[in-house]
Amino acid sequence: MDHAFDADRAFAALADATRRDIALRALSGTEGVAELAGHYPMSFAAVQKHIAVLERAGLVTKQLSGRRKVVRTNMESLRQARGQLDE
């Protein structure tokens, strides 16, 4: 699903340090939600909520890989955010 870039939503999502870290970890696109949750001192549900915020902002996607939901950073959205900052 392709959405127009929403700078306000993207920057609001990236304002949180945990979400920035999730976006960085998801650059490799190798970790599922459960693996990502293992990196943080919070509940699985809390990490899922952070991922959902990033997903609604178009900064990450989740793809089913077997029984895992792999989280991948949307590089085009990050480029657009960077472009907004460069302006």
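The values are calculated or read from the model by the stated rules, or taken from the named source; none is laboratory data. Just so you know, these numbers come straight off a predicted model, no measurement behind them. All Cβ positions, glycine included, derive from the backbone under ideal geometry; neighbour counts span all protein chains shown. Just so you know, the surface numbers come from the protein's heavy atoms only, side chains and all, with ligands and any DNA or RNA stripped out. Shrake-Rupley method; radii C 1.70, N 1.55, O 1.52, S 1.80 Å.
Assorted remarks:
- Among the residues of the range 1-27, those identified as surrounded by 10 or more Cβ atoms within 10 Å (Cβ to Cβ), in a loop (DSSP other than H, G, I, E, B) and modelled with pLDDT under 95 are 3, 5, 6.
- Within the range 73-87, the residues that satisfy the criterion of being closer than 15 Å to residue 19 by Cβ and either among the basic types (Lys, Arg) or part of a helix (DSSP H, G or I) (or both) are 77, 78, 81.
- Within the range 28-58, the set of residues being open to solvent by 60 Å² or more (accessible area, probe 1.4 Å) and either over 11 Å from the mean Cα position of the chain (by Cα) or touching a residue at least 12 places away in the same chain (Cβ under 8 Å) (or both) comprises 28, 30, 34, 35, 38, 39, 41, 42, 43, 44, 48, 56.
- Where a residue in the range 63-87 is open to solvent by 100 Å² or more (accessible area, probe 1.4 Å) and its partner, wherever it lies, is assigned to a helix (DSSP H, G or I), with Cβ under 7 Å and at least six apart: 69/33
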